[in-house]
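**Q** Structure below; questions to follow.
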Amino acid sequence: MILSLILMSLWAVIWLLYLNQLPSYRRQNPCHLPPAGTLQKYLRLLLPVCGLTMAFLLNGLDGLFLWAFTAPFTGFLLAMLLSYLQPPSPPGRTELAKRPKSPQIPAMHIRLSSLLTSAFIVSAAFLGLSPAARADRPWQDAHTQAQITAEHELSQPLAASLSSLPDGSPFALSVTGKIYRLDPVDGHLTILMDELPPITALTATAQGLWAVTQAPQPALLNIAPDTGVILNHIGFGSTLAVGSHISALQVTDNKAFLVDDGVPAFVVIDLQSGHAERLLEGAPSLSSHAPLMRHGQPVTTAQGQSRTGGNVHFLLLDRSKNWLFYQTPTGPLYRIGTTILTDSSLGPAERIEAMTNWRRTPSLGGMTINRDDTIYMVDIDHGDLLAFGADRLPWRLLHDDRLYDAQAISLLKGRTGEQGQLAVLTNPAASAGGTNPASTPNPQHLLEITLP
């Protein structure tokens, strides 16, 4: 709001300077500015650039859109205001009024209207072609489609969790909380270490595996991916609430970011000191507000009530480690800066304002991100594999009926040159209303997808 008022004031000065440089018989400027000179000429050229730079530095891309919108808006307001401030015509020479004369529009009004119309068209084109506008476009079929190159039946029921090391080696969680190495070649599962406590959430980084143990004593563990040895153990203290359940986590060099879908909130842990802090509990973007859709139908409970799929469930970290992407299974996708969560000088209001609605999404059965910050999502409502890159262009890479049953997705180490690959965990019982993979005779499957 403050930036809008500043930009409108700036554009008002620019428009008045433009009017002031017109000839006196066309100027009709009630502000009585000093005669136009070299200084005013340079100000007319410099002030728009200063406003553009200021808007971008203060508000990023949103500031650019605001800068473009306030130009014609302020011009229209100024034109209407000036029409009421024109001095009355001087008395005398009434004989001229007796002569019939065709109505004419003052040249100044014509020139100003043309400028306002041009500014409006340019700003509308700018807004329509901007990345934010492209981000709201419908999903479009990619020119080159992805392909499912392999499908493996799994012998062990898995939870809806997949994660891969930077080299593409995937790990999975069983429904009992055990960590398994997953061989994408044949779908073979190998337990990492049977003595590890049950795990509720898992992520893989260059520092190894990071996992959250289940209640009653949840803790953050750093686990060696080759041996299963616990390298670090950090408790949560009193950070978790009654009913808390950590659904996802991401780790940087010195911070761990977790999301609690039981009692929606962020949890930030300092890996050096072990200090844990609970933030933004109850923020609207952390809770699901729409029914979960699968194969075009709402997913319902045994009592026939619509399910939402839970609260915040997906959490991704970009390559620069400056941005977190998070969402519930029913969307939309949000983005927040990691510094927003770690800056102790910010309060809840500033943090909530920094939660950016990044993209509307359908109901999802998995989400992952690659090194180019392209987010891959499995649309379980329409059976599609979607991609949303840093350019914010929405693409549909693949449609396959097996994707209706997706539960998790992760990157794989490409075995065919430079092409990337994805692993998608599917549960055929999901479309039939099953919720527990261990309670159904239909085995889960692992799909291997080669990206274009």
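**Q** Does residue 213 satisfy the condition of being in contact with a strand residue (DSSP E or B) (Cβ under 6 Å, 6 or more places away or on another chain) and polar (S, T, N, Q)? Lay out the reasoning, then the answer.
**A** On the way: in contact with a strand residue (DSSP E or B) (Cβ under 6 Å, 6 or more places away or on another chain): yes; polar (S, T, N, Q): yes.
Yes; evaluated as a whole, the condition is true for this residue.
**Q** In this structure, does residue 274 turn out to be touching a residue at least 40 places away in the same chain (Cβ under 8 Å), surrounded by fewer than 18 Cβ atoms within 10 Å (Cβ to Cβ) and out of contact with any helix residue (DSSP H, G or I) (no Cβ under 6 Å at 6 or more places or on another chain)?
**A** Numbers: touching a residue at least 40 places away in the same chain (Cβ under 8 Å): yes; surrounded by fewer than 18 Cβ atoms within 10 Å (Cβ to Cβ): yes; out of contact with any helix residue (DSSP H, G or I) (no Cβ under 6 Å at 6 or more places or on another chain): yes.
Yes, satisfied.
**Q** For the range 349-424, give me every one of the strands (runs of 3 or more DSSP E) that falls completely inside it and has 3 or more residues that are under 19 Å from the mean Cα position of the chain (by Cα), without any contact (Cβ under 8 Å) to a residue 40 or more places away in the chain and surrounded by fewer than 19 Cβ atoms within 10 Å (Cβ to Cβ). Talk me through it step by step, then tell me what you get.
**A** Numbers: elements: 356-359, 364-369, 375-379, 384-388, 394-399, 406-412.
Output list is empty.
**Q** For residue 242, are the conditions met, namely being more than 24 Å from residue 403 (Cα to Cα) and touching a helix residue (DSSP H, G or I) at 6+ places or on another chain (Cβ under 6 Å)? Step through it out loud before you land on a result.
**A** Details: more than 24 Å from residue 403 (Cα to Cα): yes; touching a helix residue (DSSP H, G or I) at 6+ places or on another chain (Cβ under 6 Å): no.
Judged against the criteria, residue 242 is not a match.
**Q** Of the residues 201, 211, 248, only one is free of Cβ contacts under 8 Å to residues at least 40 places away in the same chain, outside any loop (DSSP other than H, G, I, E, B) and buried (at least 20 other Cβ atoms within 10 Å of the Cβ); which? Break it down stepwise before answering.
**A** On the way: 201 fails: free of Cβ contacts under 8 Å to residues at least 40 places away in the same chain; 248 fails: free of Cβ contacts under 8 Å to residues at least 40 places away in the same chain.
None of the other options fit; the residue is 211.
**Q** Still on this structure, I have one more. Name every residue in the range 294-319 that is touching a residue at least 40 places away in the same chain (Cβ under 8 Å) and farther than 23 Å from residue 245 by Cα, in order of residue number.
**A** Applying the first criterion (touching a residue at least 40 places away in the same chain (Cβ under 8 Å)) to the range 294-319 yields 294-296, 299-300, 309-319.
If the condition is that a residue be touching a residue at least 40 places away in the same chain (Cβ under 8 Å) and farther than 23 Å from residue 245 by Cα, then 294, 295, 296, 318, 319 are the ones that fit.
**Q** So residue 287 clears everything in (1) under 19 Å from the mean Cα position of the chain (by Cα); (2) crowded, with 19+ Cβ neighbours inside 10 Å; (3) among the hydroxyl-bearing types (Ser, Thr, Tyr) except one condition, right? Which one?
**A** (2)
**Q** Follow-up question, since we're still on this one. Is it the case, given these coordinates, that residue 334 is surrounded by 16 or more Cβ atoms within 10 Å (Cβ to Cβ), touching a residue at least 40 places away in the same chain (Cβ under 8 Å) and in contact with a helix residue (DSSP H, G or I) (Cβ under 7 Å, 6 or more places away or on another chain)?
**A** Working: surrounded by 16 or more Cβ atoms within 10 Å (Cβ to Cβ): yes; touching a residue at least 40 places away in the same chain (Cβ under 8 Å): yes; in contact with a helix residue (DSSP H, G or I) (Cβ under 7 Å, 6 or more places away or on another chain): yes.
Yes; evaluated as a whole, the condition is true for this residue.
Just so you know, all these numbers are worked out from the coordinates, no wet-lab data involved. Since we're looking at a predicted model, the values are computed, not measured. Because the Cβ atoms are built from the backbone with ideal geometry, glycine has one as well, and the counts that use them run over all protein chains shown.
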